[in-house]
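The values are calculated or read from the model by the stated rules, or taken from the named source; none is laboratory data. Please read all numbers here as calculations on a predicted model, not as lab measurements. Cβ placement follows ideal geometry from the backbone for every residue including glycine, while neighbour counts extend to all protein chains displayed. The area values use the complete protein model at the heavy-atom level, side chains included, leaving out ligands, DNA and RNA. Shrake-Rupley method; radii C 1.70, N 1.55, O 1.52, S 1.80 Å.
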There are 2 protein chains.
Amino acid sequence: MTHNTAPPDELTFWSFVDYAVHKAERELPSVNAEAMRMILTLNRATSMVVYDLESSVHRPRGWTWPGFRVLFALWLAGPMEAKTTAQISGMSRAALSALLNTLERDGLLSRERATHDRRALQLSLTEAGYGAILGVFRAHNRRESAWAEALEPEERRELVRLLNKLMAGSTDAQAKFRN
Amino acid sequence: MTHNTAPPDELTFWSFVDYAVHKAERELPSVNAEAMRMILTLNRATSMVVYDLESSVHRPRGWTWPGFRVLFALWLAGPMEAKTTAQISGMSRAALSALLNTLERDGLLSRERATHDRRALQLSLTEAGYGAILGVFRAHNRRESAWAEALEPEERRELVRLLNKLMAGSTDAQAKFRN
DNA sequence: TCAGATTCATCAAACATTTGATCATTTGGG
DNA sequence: CCCAAATGATCAAATGTTTGATGAATCTGA
């Protein structure tokens, strides 16, 4: 660092955003500080929400966040091919393959060869899996509600609108998507 | 599912948000759909941004997202105790311990026992680490800029404001934070 | 029809993360 | 002063993720 400004005494996960943006602006004049702040804030906010949900809802019930995502998709969209499950729950096919070992072992879902294409895999919730996702989702949604109360209804809609616009713009940005 | 509505043919990572919220509303009348939509959208948007950054910037350079976060913190805040690094880069002390093995092996940072407390660890970037983070951050920031262009300047500020408000409200929500 | 290309799933190795245990050092109270 | 409690770091085992390779089934075009 050219100008070695000491960091404030208590630098936290959250206050680091402000600190980092200002520091980067001073050190690297070419930086796009607006963009940096937006992406950094987005990541930190999401990280806090996920940490809370995972540690207060999922882990205590012996679940993981990725496991929840798979069971959630299967609960809402019904039995489907593994390829689709990977798509809509946001993971690679290889990652899902590994994850399925745990979920199947725990008796939450079943893997079956598809009849129309013997390469493909058909996934479906077991009875136990169906009962479990119902209860876990209720707890999950209660925590979501607690988070949502931080904003006014109008603000929540605006946040969703802005995030949707961000995603819609990702094609222009030539963003990389999962296969 | 009580009403077995077939999912639309092409259910994608992104379109699943809408599908899931509507379906959950029908199946589970007690659901807080607003909250569900907000958190789901937040997670998916962030996930897309992170996937793009990691796969187009970090992985091709042999870096990982968590490794970048650590080097980034160290670059901006300067040498510091490992405990602080874990705090501001958002990981547990145990996770950082494991991550340091890789980063140290790759010659990007150095671990030293702190002089004032021989239990504590002092972390600092090596010359190589300093040079590397500079280059990687530049590329990282260019991708951030591309994402940011999806929104108008005023919208970017509003998004940041809303996310900050969400975080500020997390104390009221009794959210769980990392130790 | 059949051989090459494509698609689906899994495996392997490296990496990162979680919880809970262990070990070393420091601190604080009697 | 000294021992118990607290603190900092690491380890161990289980889980999940990435990239790249492999094997099986399906498709395609000559």
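Observations on the model:
- Average projected area [Cα convex hull, chain B], square nanometres: 14.4
- Across identical copies of the chain, residue B:62 has label-point separations of 4.3 nm, listed in ascending order, with the point defined 7 angstrom from Cα along Cα→Cβ.
- If you run the Gaussian network model on chain A, springs between alpha carbon atoms under 10 Å, then out of A:72, A:137, A:13 the most flexible one is A:13.
- Computed on chain A, with alpha-carbon pairs under 8 angstrom and 6+ residues apart, the relative contact order is 17 percent.
- Comparing each chain alone with all protein chains together (probe 1.4 Å, DNA, RNA and ligands left out), the residues of segment A:137-152 losing at least 20 Å² of accessible area are A:137, A:138, A:141, A:143, A:144, A:145, A:146, A:147, A:148, A:150, A:151.
- Space enclosed by the convex hull of the alpha-carbon atoms of segment B:53-138, per residue, Å³: 88
- Solvent-accessible area, 1.4 Å probe, carbon plus sulfur percent, for chain B: 50
- Computed with every protein chain present, the accessible area of residue A:130 is close to 80 Å² [probe 1.4 Å].
- Annotation note: GluC sites (Glu not before Pro) in segment B:2-95 located in DSSP loop regions with a Cβ neighbour count of at most 11 within 10 Å are B:10.
- HN-Hα J in Hz across segment B:66-78 - Karplus 6.51, -1.76, 1.60, θ = phi - 60°, x for Gly and Pro: x, x, 4, 4, 5, 5, 4, 4, 5, 5, 7, 9, x
- Under-5 Å amide H pairs with residue B:121, H placed in peptide plane, nonlocal only: B:82, B:83, B:114
- The calculated 222 nm mean residue ellipticity attributable to helices in chain A amounts to -19000 deg cm²/dmol, summing -39500 (n - 2.57) over DSSP H runs of n ≥ 4 and dividing by all residues.
- Once the 1.4 Å probe is applied to the protein heavy atoms, chain B comes out at 47 Å² accessible per residue.
- Shortest-first nm distances, residue B:107 label point to equivalent points in other copies (7 Å, Cα→Cβ): 5.4
- Summary for residue B:131: label point 7 Å along Cα→Cβ; distances to the equivalent points in the other copies, ascending, 6.2 nm.
- Entries of A:83/B:23; A:83/B:176; A:23/B:165; B:83/B:176; A:83/A:176; A:176/B:165 with Cα pairs more than 28 Å apart: A:83/B:176; A:176/B:165
- For segment B:36-42, backbone phi angles converted through the Karplus equation (6.51, -1.76, 1.60; θ = phi - 60°) give residue-by-residue couplings of 4, 5, 5, 5, 5, 5, 4 Hz, Gly and Pro being listed as x.
- Pairwise Cα separations in the protein assembly as shown fall into 20 Å bins from 0 onward with the following percentages, short to long: 27, 57, 16, 0.
- The residue list B:150, B:132, B:42 was ranked by how far each Cα lies along the charge dipole of chain B toward its positive end, using unit charges on Cβ atoms, and B:132 comes out on top.
- Summed buried accessible area for A+B [probe radius 1.4 Å, Å², rounded to 100]: 7600
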